[in-house]
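The values are calculated or read from the model by the stated rules, or taken from the named source; none is laboratory data. The structure presented is a predicted model; accordingly, all values stated were derived computationally and were not measured. Every residue, glycine among them, receives a Cβ derived from its backbone with ideal geometry; neighbour counts consider all protein chains shown. SASA here: full protein model, heavy atoms, side chains in, ligands and nucleic acids out. Shrake-Rupley method; radii C 1.70, N 1.55, O 1.52, S 1.80 Å.
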Amino acid sequence: MYYYVDESGNTGLHLFDPAQPLLYYGVLGARANLDVISAPLLRTLRKELGVKRIHANELGVAKLTKIAERLEKFSKKNDLRFSIFTVDKKDHAIISYFDQVFDAGLNDAVEWNHYWTPLRYPLLFKVAHLFDEDIAKAAWKARLEKNTARCAKMLQDVHRRLLANISRLPDARSRELIDGAIRWADANPDEISYGVGNYDTSLQISPNLVGFQSVLYGIGRESTAMGQKVHKITVDRQTEFNKAQAELAGIYQKLRGHKSSLGPGMPEFDYSTLPEIPPEYKPGDESAGLELVDVTLWTAKRMREGKPVSDELRSLFFQQTRRGHTDEVSLASLDRRWRFLADHPLPGPENPISPELQAAVDEMERKRRAAVASLR
């Protein structure tokens, strides 16, 4: 399989541009090298349009509509598969806060089972309920702070504002758990290590890298399901994040053959399906495959935003996506995935809890209470 990866809505580490609330990654897969097999068609289409390269944003709906039917026929003949991955940037700031501050390995006031089991998701949603956009902005600004002392002071302001909203939570147990965890983190900023050490570290927590993880997993799942080997991954070159993307891909290559789970009832990550080869980075002007994925991603983004597209472009989109897939990093997508926890609570154990397990649970709660009590 050959894959071509483009992105849209990129604002880097600036997450709160109202005009670009989502980061999009589009991935176009083919059994053959699109840079070769699509070259004759694209030469003809470029000549008709009077352009050197096909850039969707420059051509617009009217001109793209003229070539959409031929692109659709080519897609059907060559079984092109388009997948899309998105990151809600505002939600990413909140999720990043939660993952660092409520990590049970860092925060003594968070029990292991509240972070490493599906209980983390109800807890995440309740913490997110305390945020407004201004608090999310402040939390993200603190997350990017390189100076430890300044970061601690910025985080204290975030915590003060979150604690002022605790009364929004309807149940006493949630108020107790979240209040204690925030106050412990506030008193122990060195243990939480909330800020980044340097610019390269900040890139690793960017929406671009979070979305690129989904891209690599998606490519691995699709090629494995098809029984095909990944021969090439071509990524649109942009200077800010390509190095970090390459480092992430290198880490995943080393993890091939391993599996990991976040905890009981949590998703399992199978690294054996990840691509064996590193991505290649090319300017969009040097790859026909990147030209093609640019058209579909541009169409997908317009459709998501409720902007008009022609029937021809919509048909091209559905032809390529009927065998593709999608994934999204957002609070809404997590809510959809874990909504059953609210409607259908997890069943209790079939047999009585062993004295050893009950003692372990009791000890976790004792330690949590002791951590919170130490703050008084």
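If you filter the range 334-359 down to residues that are open to solvent by 50 Å² or more (accessible area, probe 1.4 Å) and of a type in the set (A, V, I, L, M), you find that the one that is modelled with the lowest pLDDT is L346.
Filter the range 140-160 down to the residues that are under 16 Å from A181 (Cα atoms) and under 23 Å from the mean Cα position of the chain (by Cα) and list them by number.
In the first step, residues of the range 140-160 are kept if they are under 16 Å from A181 (Cα atoms); the result is 152, 155-160.
Listed by number, the list is empty, since nothing qualifies.
Select from the range 309-333 the residues that are over 19 Å from N78 (Cβ atoms), surrounded by fewer than 18 Cβ atoms within 10 Å (Cβ to Cβ) and out of contact with any helix residue (DSSP H, G or I) (no Cβ under 6 Å at 6 or more places or on another chain) and list them in ascending order. Once the filter is applied, which keeps residues that are over 19 Å from N78 (Cβ atoms), surrounded by fewer than 18 Cβ atoms within 10 Å (Cβ to Cβ) and out of contact with any helix residue (DSSP H, G or I) (no Cβ under 6 Å at 6 or more places or on another chain), the range 309-333 yields D311, R314, T326, A332, S333.
Which ones in the range 11-43 are acidic (D, E) and under 18 Å from H231 (Cα atoms)? Listed by number, the list holds a single entry, D35.
Of everything in the range 218-234 that is polar (S, T, N, Q) and open to solvent by less than 20 Å² (accessible area, probe 1.4 Å), the residue that is modelled with the highest pLDDT is T234. Of the helices (runs of 4 or more DSSP H) lying entirely inside the range 1-79, the ones with 1 or more residues being of a type in the set (G, A, S) and buried (at least 16 other Cβ atoms within 10 Å of the Cβ) are found at 56-77.
Of all residues in the range 93-115, those satisfying the criterion of being surrounded by 19 or more Cβ atoms within 10 Å (Cβ to Cβ), hydrophobic (A, V, I, L, M, F, W, C) and part of a loop (DSSP other than H, G, I, E, B) are F102, A104, A109, V110. Restricted to the range 126-217, the set of helices (runs of 4 or more DSSP H) holding at least 1 residues that are β-branched (V, I, T), open to solvent by 60 Å² or more (accessible area, probe 1.4 Å) and modelled with pLDDT of 95 or more is empty.
Here Q320 fits the description: in a helix (DSSP H, G or I), within 18 Å of A32 (Cβ to Cβ) and in contact (Cβ under 8 Å) with a residue 60 or more places away in the chain. With respect to K90, is the statement that it is surrounded by fewer than 16 Cβ atoms within 10 Å (Cβ to Cβ), in contact (Cβ under 8 Å) with a residue 24 or more places away in the chain and either under 24 Å from the mean Cα position of the chain (by Cα) or not in a helix (DSSP H, G or I) (or both) true? So K90 does not fit the description; no.
Of the residues making up the range 9-35, those that are free of Cβ contacts under 8 Å to residues at least 24 places away in the same chain and out of contact with any Lys or Arg (no Cβ under 9 Å at 6 or more places or on another chain) are P18, A19.
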